[in-house]
Every structure is written in structure tokens, then in C-alpha cells.
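Please treat every number below as a calculation from the coordinates, not as lab data. All figures in this text were calculated on a predicted structure; none of them were measured in a lab. Using ideal geometry, Cβ is built from the backbone for each residue, glycine included, and neighbour counts are taken over all protein chains shown.
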Amino acid sequence: VAAEAGIQRGELDELALLRYEQYQQALDDDRAFQRPWMVPVRVPRRGKDPLVVDTDEGVFPTTAEGLAKLPPTEPGGVVTFGTQTHPADGTAGMVVARLEIARELSGGRGVARVLATGFARVEKARMPKAPVPAAKAALHTAGLTIDQADAVKTHNPFAVNDVWFARETGYPVERANAFGCSLVYGHPQGPTGARGVVELIAELEARGGGVGLFTGCAAGDTGGAVV
């Protein structure tokens, strides 16, 4: 996709650095953004106190200079280990319920309504393209356009995904993924999308409401989205 679209190494490095800087906002004020929904996990250890995992692990400090020094993962390519995610462990869960039950469970904090979903498939080995038609399908079903999205969250195992998304939708890269994304904190197969949706809901709550779009690649050459 990068080769076909003429996406340059510098674009990818700049985007990876931007996403890292955005992720730092999720860590401000002792992780005020993450704490309401990131649940600590206690791992039992024989003869020792439990190991408590309560923050993201494996996040690499990222600088423009550091990114520039990394070699491409393939000869003549533009993707490096700095512009793709790392495999991670993780789990996530969500509750989908009737409106009245959701309001009760929220304790007065408000609810998030699913307006529409969308799925798409693209050509083989063109996975970074798939989130775009999936997003367009979900927005179309919801009767909305991309400019009506107050917040956008993407699952992007490669920086190529987000560069392509911005080009095809016109949605500025700096407006998406306000508090980071899987490109930075890792990609546990399966729960990645659920975490992205939870972060999107948290971002909407922080801004007092609005319309949010999550979109990301799925297995193979497919993409899924929810509004």
C-alpha cells in the first residue's frame, strides 16, 4: 500500500512520533484518562506478593532522531520497527445493554449508543486500506459524514494505515487518536478493537458527548467500524 500510494518514510516517522506524543496525554495527571477503565490485574506468584499489572508495558520512548536511525524492515521499504506496532498481551470487555439498563449501570455518567457498524474487504495483502471502506459504510448507515465525527479512533498496526485513512477521508491525522492508539501501546490480537472503542467512549465523555467513529483492520484484508 505504501509503495502503490507513494507514501514516504518521512510521513510514517512523523505520524509515529505524533501518536506517541498523543499517548503521553493519556498519562497526564497520574493517568487520569486511563484510570476509570483500565483495570489492574493481579498475577499470583508462589511465595511472593502478587505481580500487579496496571499500566501499558512495552511502550518504546520515541523521538524523531531515534525513528530516523531505524533501518527499514525490508530492503528498499519505508516501514521500520518504529512505525509498526508490537505484539502484546491484553484483554478487554464491554457490556451492551438496553438503554435503561445502560443508564442504571452508568451511575449517571451517561451512555454511549451504537448508531451503526460497517465491514469491508479489500484486495489481498492490502490490509491498511480496509478501515476506510468500513468507516464509510458505518457512517453511511448512520446517515453521517466524516466531518460530523467529533472524535476518531483507529486500530493501526502500521503507520501506513493512518496515512492512507487521512488521504482517503480528508480527516486530519492530528485530530484522530487524541490519546494514542495500538500503534503505540501494542496489539493484542482480539481485544485491540474493544480497547479502542472504550478509549473512544472515554474521549467523548471527556468532551461532553458527541459522535465518535472507531475503525480498524481485522483479520486478513478486512476492516470493521462502529459509530
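Relative contact order for the stretch 140-213: 45 percent, from Cα pairs under 8 Å spaced at least 6 residues apart, divided by residue count. Within straight-line reach of Lys124, meaning a Cα separation under 27 Å, sit the following lysines at least 8 residues removed in sequence or on another chain: Lys136, Lys153.
The simple Förster model, with R0 at 30 Å and r as the Cβ-Cβ distance, assigns Glu74 and Glu174 a FRET efficiency of 0.60.
Note on Thr145 and Asp89: their simple-model spin labels are 4.7 nm apart, each label 7 Å out from Cα toward Cβ. Over the stretch 55-152, the Kirkwood radius and the radius of gyration, each from Cα atoms, give a ratio Rg/Rh of 1.08. Counted residue by residue at 0.36 nm each, then reduced by the alpha carbon distance between them, the extension gain from Val53 to Ala102 reaches 14.8 nm.
Restricting attention to the stretch 99-227, close to 60% of DSSP beta bridges with both partner residues there are antiparallel. Qualifying GluC sites (Glu not before Pro) in the stretch 68-152, where qualification requires a DSSP coil assignment and no more than 11 other C-beta atoms within 10 Å, comprise Glu123. Out of every Cα-Cα pair that the chain contains, those further apart than 30 angstrom amount to 25 percent. Within the chain, the longest run free of exposed loop sites, counting chymotrypsin sites (Phe, Trp or Tyr not before Pro) that sit outside DSSP helix and strand states (H, G, I, E, B) and have at most 14 other Cβ atoms within 10 Å, spans 82-227. Along its first, second and third principal axes, ordered by size, the stretch 23-99 spans 48, 46, 26 Å in Cα coordinates. Divide the volume of the convex hull around the Cα atoms of the stretch 85-135 by the residue count and you get 144 Å³ per residue. At the listed q of 0.17, 0.25 Å⁻¹, the Debye profile of the stretch 61-118, built from one uniform point per Cα, gives log10 I(q)/I(0) equal to -0.71, -1.05. Counted residue by residue at 0.36 nm each, then reduced by the alpha carbon distance between them, the extension gain from Arg35 to Arg207 reaches 60.2 nm.
Once the Cβ-Cβ distance of Gln25 and Glu123 is raised to the sixth power relative to R0 = 41 Å, the FRET efficiency obtained is 0.70.
For the stretch 139-227, the Kirkwood estimate of the hydrodynamic radius, built from every pair of different alpha carbons, is 13.2 Å. Remark: the stretch 135-195 carries a charge dipole of roughly 140 debye about the Cα centre, counting +1 on each Lys and Arg Cβ and -1 on each Asp and Glu Cβ.
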